[in-house]
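Read through the structure below, which is laid out as structure tokens, and then see the notes.
What follows is calculated from the coordinates using simple rules that are stated; it is not laboratory data. The structure presented is a predicted model; accordingly, all values stated were derived computationally and were not measured. Cβ sites come from the backbone with ideal geometry, for glycine too, and all protein chains shown count toward neighbours.
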């Protein structure tokens, strides 16, 4: 006989799971005991939300579902933000939560909420396990559903009595590869005709273009067609940013310098765009023709309504499209003359010696300190727009940002996961002081795990993005300031090394020293957000008027 928790852990091992992130409760103790004798490592975090962010980031970077664990009630509810993060961000993840026994109720309704019902709108599937014999098939199905397009989170609830119940041995279900169909020949022919007829074609790379398996196929398509391209925020790095065909990143929805190319394009080949992202451009009746290339059909929105679609396995479909286009695109380079001006304008004043540092200088200096394969994980704040606009990526998935749920608090856990996966690469978390403090307790987790990780805190003692929006909308500056701890002492309290930037030229050597020393470091730098209004409002408004 085998108890349910043993079946669960065996099924997870069958899926290749090596780590589970989370905080167990008394309802998970059978699972914890089963894990103790397994090959799977339990990575204990200090908050369930961080566990979910780490599991989701594992899925984002590997294409294989990450796994997180919590108890019932409050623990399970702390996974909710992470579930939404993975759901909107298309990150494969499996969440396992505990529950009181379902065949007896000695504690009445103590701590009981309907977690399955709570998770249903935030997941691809949410189910309660009611029999040990069903565990192998439910786990196999959970991993299949989480990983298949469009990826996302799946929830399984394992009640305490089902985890403890003895059952006859149940065979595991072996995983098997699933090959996706390619786009139909008729759709490929139609798309090729539209692109060949275009006078000013342009490629857009969206969030789904950053799937780990797509990097080679996308780079090959751009190389073969020589079409200029731009990225959405979550599409950064899907084709090398060092390419001479890169036109920029759409960090704003309109009126930025990259929109000079977008607005002149008469056709946009939109690869992997997901409308959960803040719109990279706004479609209208006089706009360009748009061809949607995706694993699944486009979601039609007021600002996104493609005129044709290529639906299927994106990599092989693009190879077939390139077969129809290569060597035949007489107008491929029509928009390239705009490239130098666009890139020069967004890099303007990047080395200014003002202190506190400007966002442009911070982005410039971080790029100087990071090698091509170095990973920068952003939390959410005003700096995200500056990194999206100005940070040049040369390798896929080396700028991790969330432009879907856009939650604060994910930057540090996301960076921790990257550091665990790629211990030989430099990993930098970039957080505002507001976002950092939402999950700063995970510094203890990072220290306990012995991670080589540098955390850069941009300090303005306010919720800076909302404060900027408050100014743009003409409201009084009120209600968004806060105090902070001494971040150097705060780092030291966790056993990390703390650094404080006190002049404009200190950031690069400090980051180099921190990375060179190894271990866990926290660097705090004051940021001058006056550039938000000067560039993102006044300068861009003037550029549009002049254009």
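Take the Cα coordinates of region 148-208, assign each an equal point scatterer, and use the Debye formula without solvent to give log10 I(q)/I(0) at q = 0.17, 0.19, 0.20, 0.23 Å⁻¹.
-0.95, -1.06, -1.10, -1.17
Report, for the chain, the % of DSSP beta bridges that are antiparallel, rounded to 5.
5 percent
At a threshold of 8 angstrom on Cα-Cα distance, excluding pairs fewer than six apart, so keeping six or more, what relative contact order does the chain reach in percent?
13 percent.
Can you give the Rg and Dmax of region 199-289 based on its C-alpha atoms, in angstrom?
Gyration radius and largest Cα-Cα distance of region 199-289: 12.1, 35 Å.
What angle, in degrees between 0 and 90 and rounded to the nearest 10, separates the Cα long axis of helix 507-517 from the longest principal axis of the Cα atoms of the chain?
40 degrees
Give the label of the value calculated from the structure for Cα extents along the principal axes in Å, choosing from [x] 74, 61, 44; [y] 81, 51, 42; [z] 97, 63, 46.
[x]
With N set to the number of residues, divide the alpha-carbon radius of gyration of region 185-338 by 2.2 N^0.38 Å and report two decimals.
Rg over 2.2 N^0.38 Å, computed on Cα atoms: 0.91.
Which angle between 0 and 90 degrees, to the nearest 10, do you get for helix 135-147 versus the longest principal axis of the chain when only C-alpha atoms count?
Helix 135-147 sits at roughly 10 degrees to that axis.
Just the Cα atoms of region 2-167, one point each, no solvent: what log10 I(q)/I(0) does Debye give at q = 0.10, 0.12, 0.13 Å⁻¹?
The Debye formula, applied to the Cα set alone, gives -0.30, -0.43, -0.51.
Counting other beta carbons within 10 Å of each Cβ, put 36, 534 in order, fewest first.
Going from sparsest to densest Cβ surroundings: 36, 534.
Per 5 Å bin, what percent of the C-alpha pairs of region 347-537 does each bin hold, from zero upward?
1, 8, 18, 22, 22, 16, 8, 3, 1, 0
How far, in nm, would the chain grow between residue 530 and residue 343 when pulled straight, counting 0.36 nm per residue and subtracting the alpha carbon separation?
Full-extension gain reported as 65.2 nm.
Can you tell me the 0 to 90 degree angle between the C-alpha axis of helix 411-421 and the longest principal axis of the chain, rounded to 10?
80 degrees
Order these by the 10 Å Cβ neighbour count, fewest first: 268, 466.
Lowest to highest Cβ neighbour count: 466, 268.
Let me know the Rg and Dmax you get for region 274-320 when you use only its Cα atoms, in Å.
11.4, 32
Run the numbers for residue 333 and residue 213: contour at 0.36 nm per residue of separation, minus the present Cα-Cα distance, in nm.
Between residue 333 and residue 213, full extension yields an extra 40.4 nm.
Most exposed first by the Cβ proxy, i.e. fewest other Cβ within 10 Å, how do 478, 468 rank?
Ordered by Cβ neighbours within 10 Å, fewest first: 478, 468.
Using Cα centres only, tell me the gap between region 434-470 and region 53-99 in whole Å.
Using only Cα atoms, the two centres lie 20 Å from each other.
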